[in-house]
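Notes follow once the structure below has been shown.
The values are calculated or read from the model by the stated rules, or taken from the named source; none is laboratory data. Predicted model, so just to flag it, every value in this text is computed and none were measured. Note: ideal-geometry Cβ built from the backbone for every residue, glycine included; neighbour counts use all protein chains shown. All accessible areas refer to the heavy atoms of the entire protein, side chains included, with ligands and DNA or RNA removed. Shrake-Rupley method; radii C 1.70, N 1.55, O 1.52, S 1.80 Å.
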Amino acid sequence: EDIRLIAEVEFASIVDYVEPIGAKLRLVLSDSSYVDAWLSRKLKGRLGLHWERRHIDGCIYRYDNFPNTNWQNVSSYPYHFHDGSPDNVVASPFSQEILQGFREFMAFVESRLSAELQAKP
């Protein structure tokens, strides 16, 4: 519920609506892309945030803490960030605290959307 409230209030300029889809919340954004937010109900602190843009520019952005051993060399492991594609994985630039990490991820999304709007003629 906190994630929904933050999305609807703090990021109202980019979030058109929020809908639950199974165990995750889908935040549909003003550019027709979306962010899926997932928090595990079984594993405390397990999270995944996924910004889907493949239908717009071929990119995805994902912040999660799934302990995938493919990314164990990333300095913030198990926290990591898929920056533009599933295979471009870097250290997480976002807080490991769930709500602050969500805010920082959404601020990243907001800044990207704002830059795109400014770049349009």
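Within the stretch 48-57, take every residue that is open to solvent by less than 50 Å² (accessible area, probe 1.4 Å) and free of Cβ contacts under 8 Å to residues at least 40 places away in the same chain and give me the one that is nearest to ILE98 (Cα to Cα). The extreme case among them is GLY48. The set of residues in the stretch 61-103 being modelled with pLDDT of 95 or more, in a helix (DSSP H, G or I) and either among the basic types (Lys, Arg) or open to solvent by 60 Å² or more (accessible area, probe 1.4 Å) (or both) consists of GLN100, ARG103.
For the stretch 104-121, the candidate set comprises residues that are touching an Asp or Glu at 6+ places or on another chain (Cβ under 9 Å) and at pLDDT below 95; within that set, the residue that is surrounded by the fewest Cβ atoms within 10 Å (Cβ to Cβ) is LEU117. Scan the stretch 10-47 for residues that are out of contact with any helix residue (DSSP H, G or I) (no Cβ under 6 Å at 6 or more places or on another chain), open to solvent by less than 40 Å² (accessible area, probe 1.4 Å) and not in a strand (DSSP E or B) and the total you get is 2. Pairing residues of the stretch 60-74 that are touching a residue at least 12 places away in the same chain (Cβ under 8 Å) with residues that are basic (Lys, Arg), at Cβ distances under 8 Å and at least 6 apart in sequence or on separate chains, gives ILE60/ARG53; ILE60/ARG54; TYR61/ARG53; ASN65/ARG46; PHE66/ARG46. Residue count for the stretch 83-121, restricted to those that are hydrophobic (A, V, I, L, M, F, W, C) and within 20 Å of ARG54 (Cα to Cα): 11.
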